[in-house]
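Asker: Take a look at the following structure, please.
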Amino acid sequence: MKIVTAKSTRGFTLVEMLVALALGMIVLASAVQIFTQGVDATWVTSQRAEMQQDLRATSDLLLKDISLAGAGLPHGQGIQLPTNTGTRPIYGCDQGNNCPPNGAVAYPCSSNAGPCVPTLFGIIPGFQLGIKPAGSNTFSDIVTVTYTDTTFALNCYAVTFPGGGAVNPVTFTAPNAPPPSSCVLPPGLVFPQSITNPVIGLKAGDLLLFQNTLNGATGQAIAEVTAAAGPVGGGANSVFTVTFLNGDPLRLNQSGAASGDLVNIIRGAGTTATRIFVITYYLKTQPDPVGVGTGTPVLMRQVNGQPAVPLAENVVNLQFTYDTYNSTGTLLNQVGDAGYSVGTSFNLIRKINIIHLTTRSQLPGTRSALMATRGYQSFDFQTSISARNLSYQNRYSF
């Protein structure tokens, strides 16, 4: 007789299926959560790295410029600028009259008392002259520093005025080859660069400091280049012409001014010319390209009368204070306007304090459990810089 063995065909019960499904969902949810945290952590890290990189590059250039404030200027003192019928020279604008967001800024007076004598200082505070960044209750600052250009050997050229009391055009004649020992060249050069060199030469908007002697006194004037041409000849003794016409965008060429203009030193002897850099930092909000939101705050760097260059996006605050001495020799610490409102000269600034150079992340909305906020991430940079080219020259020169 044949015996048939019965095999069980029983499967999972509904309860077992539900328990298995629940356990699987828990494992899957845990894996998704771990993955999401990893993605968020990577996003946070990349945002922070980008902010740090932008802040480092920006702060390095800003610190370099501020530390050079006043370098090469005569005795580190302010230089008188021309004013004809109340037309004060301005800074921070380019050849197209594009200026900081709040408009052109006039050079400060030598003091806040008496008639205004516009003056170019080694450093010019711009207390609350900037924009009010989105979300801030305080206007940002601007700052302007001035120092001479040591890479362009302009002082090796002989400067000649046309005569008869005229200024334009000024003739620049190259030295002999090899140049005399009085011609100090940057490392690696054996002859001064061409006046019209396309990379380093003069262009409209450049500012030149002219100096000479007249009746035993030192004459000096700042003028804005409106055009440069040449050379006539080549190499040694080649000749270039540079013009400084009235009506320049920065209002520095005012031949009718009683003092301070280039026309007032043309009778002097031994004229030399040096290019200077007048550098202004300010914040500007770039409009959103699609018209959504408040736009992107950008830190701008503007040199002489050339177009401003964006240094870094998402810089949301820029504020300074200054350590300076007042007229009685009392040290004023961390003053926003460097004591100008109480009669202190900008020549007496001893230290510049960056109290806020704040950058934010490009995008808001961190979702990571590693971050306590869902808004923008931000870094705030703070430091102090000694204005050594002002301090030592003012206090220890004879």
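Where a number appears in this text, it was derived from the coordinates with a stated rule and is not lab data. None of these values were measured; they are calculated from a predicted model. Glycine gets a Cβ as well: all are built from the backbone with ideal geometry, and neighbour counts include every protein chain shown.
Asker: When only Cα pairs under 8 Å and 6 or more residues apart are kept, what is the percent relative contact order across the chain?
Answerer: Worked out over the chain, it gives 19 percent.
Asker: Looking at 324, 343, 169, which one has the Cα that reaches farthest to the positive end of the dipole of the chain (charges on Cβ: Lys, Arg +1; Asp, Glu -1)?
Answerer: Farthest towards the positive pole: 324.
Asker: Need the list of aspartates and glutamates near residue 351 for cross-linking: C-alpha distance under 20 angstrom, and skip anything on the same chain fewer than eight residues off.
Answerer: 60, 65, 141, 323, 337, 380
Asker: Same structure, new question: Quickly estimate the mean residue ellipticity at 222 nm for the chain, helices only: each DSSP H run with n ≥ 4 gives -39500 (n - 2.57), and the total goes over all residues, rounded to 500.
Answerer: Result for the chain: -5500 deg cm²/dmol, rounded to the nearest 500.
Asker: Could you size up the charge dipole of the chain around its Cα centre, putting +1 on the beta carbon of Lys and Arg and -1 on that of Asp and Glu, and report it in debye to the nearest 20?
Answerer: Dipole magnitude for the chain comes out near 900 debye.
Asker: Which one of 261, 337, 288 has the biggest mean-square fluctuation once the chain is modelled by GNM with Cα springs under 10 Å?
Answerer: Sorting by GNM fluctuation, first place goes to 288.
Asker: Projecting each Cα onto the charge dipole of the chain (Lys/Arg +1, Asp/Glu -1 at the beta carbon, about the Cα centre), which of 24, 245, 362 comes out farthest on the positive side?
Answerer: 24
Asker: Let me ask something else about it. Running a GNM on the chain with Cα contacts under 10 Å, which residue among 168, 314, 197 ends up with the highest mean-square fluctuation?
Answerer: Looking only at 168, 314, 197, the largest GNM fluctuation is found for 197.
Asker: Another question, if that's okay. Taking amide H atoms as placed 1.01 Å from N in the peptide plane, list the residues 5 or more away in sequence, or in a different chain, whose amide H sits under 5 Å from that of residue 107.
Answerer: 90, 91
Asker: Let me ask something additional. If packing is taken as the mean number of other Cβ atoms within 10 Å per residue, what is the order of 340-346, 201-207, 82-88, highest first?
Answerer: Final packing ranking: 201-207, 340-346, 82-88.
Asker: Which one of 235, 268, 85 has its Cα pushed farthest toward the positive end of the charge dipole of the chain, where Lys and Arg give +1 and Asp and Glu give -1 at the Cβ?
Answerer: 235
Asker: Also, quick follow-up: Taking a ≥ b ≥ c as the square roots of the Cα gyration tensor eigenvalues, with a/c under 1.5 meaning rounded and otherwise prolate when a/b beats b/c, else oblate, which class fits the stretch 174-225?
Answerer: Judged from the Cα gyration tensor, the stretch 174-225 comes out oblate (a/c at least 1.5, b/c at or above a/b).
Asker: Hey, got the dipole for the stretch 232-363? About the Cα centre, +1 on K and R Cβ, -1 on D and E Cβ, debye to the nearest 20?
Answerer: For this selection, approximately 200 debye.
Asker: Let me ask another. Quantify how much of the Cα-Cα distance distribution of the chain extends past 27 Å, in percent.
Answerer: So the portion of pairs separated by more than 27 Å is 60 percent.
Asker: If you don't mind, there's one more thing I want to ask. Applying the Karplus parametrisation 6.51 cos²θ - 1.76 cosθ + 1.60 with θ = phi - 60° to the phi angles of the stretch 231-243, what ³J(HN,Hα) value in whole Hz is obtained for each residue in order, glycine and proline being reported as x?
Answerer: Once θ is set to phi - 60°, the couplings for the stretch 231-243 become x, 9, x, x, x, 4, 6, 5, 10, 10, 10, 10, 10 Hz.
Asker: Kindly provide log₁₀ I(q)/I(0) values, in the same order as q = 0.12, 0.21 Å⁻¹, from the Debye equation applied to equal alpha-carbon scatterers of the stretch 99-234.
Answerer: One equal scatterer on each Cα of the stretch 99-234 leads to -0.70, -1.39.
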